[in-house]
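The values are calculated or read from the model by the stated rules, or taken from the named source; none is laboratory data. Keep in mind the model is a prediction, meaning the values are calculated, not measured. Counting neighbours? That spans all protein chains shown, and the Cβs are built from the backbone with ideal geometry, glycine included. For accessibility, only protein heavy atoms count, side chains too; no ligands or nucleic acids. Shrake-Rupley method; radii C 1.70, N 1.55, O 1.52, S 1.80 Å.
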Amino acid sequence: QAQLVESGGGSVQAGGSLRVSCSLHALSYTTGCMGWFRQAPGKEREGVAVIASDGTTSYADSVKGRFTVAQGNDKNTLYLQMNSLKPEDTAMYYCGAASWYKCPVTALVRYDYKYWGQGTQVIVSS
């Protein structure tokens, strides 16, 4: 059964760092695009970062230069390294996996990914 499971969320002070992880089960060889999305209370879900199977990445302007998305060496784990965290980064973070051949230019703003994880909470205090 295909599954995505996020972990690594927590509470940190502004300016701190966190790395959230997404464990991919039976998806690495069939998924051409994976991404991280987040949703804060009272706000719509937004794309944070995506990575294609060839390593190509795209980031939301709000996190560019602070966040880095990467795959683990075994290609079965997706990471989001979050540095210089701000209170506005507080949200539930979700990973998603799509079956597209590669990430389209719209990957950060579309939500029809085939699989989603359950989410992991990130809280940044000032």
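Numbers for the structure displayed
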quantity: Residue in the stretch 33-52 that is surrounded by 13 or more Cβ atoms within 10 Å (Cβ to Cβ) and at pLDDT below 90 present; calculated: no
quantity: Any hit, the stretch 56-72, residues being at pLDDT 95 or above and in contact with an Asp or Glu (Cβ under 7 Å, 6 or more places away or on another chain); calculated: yes
quantity: Residues that are open to solvent by 80 Å² or more (accessible area, probe 1.4 Å) and either modelled with pLDDT under 95 or among the basic types (Lys, Arg) (or both), drawn from the stretch 73-89; calculated: ASN73, ASP74, LYS75, LYS86
quantity: Residue check for TYR59: surrounded by fewer than 22 Cβ atoms within 10 Å (Cβ to Cβ) and aromatic (Phe, Trp, Tyr); calculated: yes
quantity: Positions within the stretch 100-111 being under 15 Å from the mean Cα position of the chain (by Cα) and among the charged types (D, E, K, R), in sequence order; calculated: ARG110
quantity: Flag if VAL109 is open to solvent by 30 Å² or more (accessible area, probe 1.4 Å), more than 23 Å from VAL124 (Cβ to Cβ), β-branched (Val, Ile, Thr) and in contact (Cβ under 8 Å) with a residue 40 or more places away in the chain; calculated: yes
quantity: Test result for VAL5, open to solvent by less than 30 Å² (accessible area, probe 1.4 Å) and part of a strand (DSSP E or B); calculated: no
quantity: Only one of VAL122, VAL69 that is over 10 Å from the mean Cα position of the chain (by Cα) and part of a strand (DSSP E or B); calculated: VAL122
quantity: Pairs where the first residue, in the stretch 24-50, is farther than 17 Å from TRP100 by Cβ and charged (D, E, K, R) and the second is open to solvent by less than 10 Å² (accessible area, probe 1.4 Å) and modelled with pLDDT of 95 or more, C-beta under 8 Å, 6+ apart; calculated: ARG38/VAL48; ARG38/ASP89; ARG38/ALA91; ARG38/TYR93; ARG38/VAL122; LYS43/ALA91; ARG45/PHE37; GLU46/PHE37
quantity: Odd one out for GLU88, checked against (1) over 17 Å from ASP54 (Cβ atoms); (2) part of a loop (DSSP other than H, G, I, E, B); (3) not hydroxyl-bearing (Ser, Thr, Tyr); calculated: (2)
quantity: Any hit, the stretch 12-20, residues being within 11 Å of the chain's Cα centre (by Cα) and open to solvent by 80 Å² or more (accessible area, probe 1.4 Å); calculated: yes
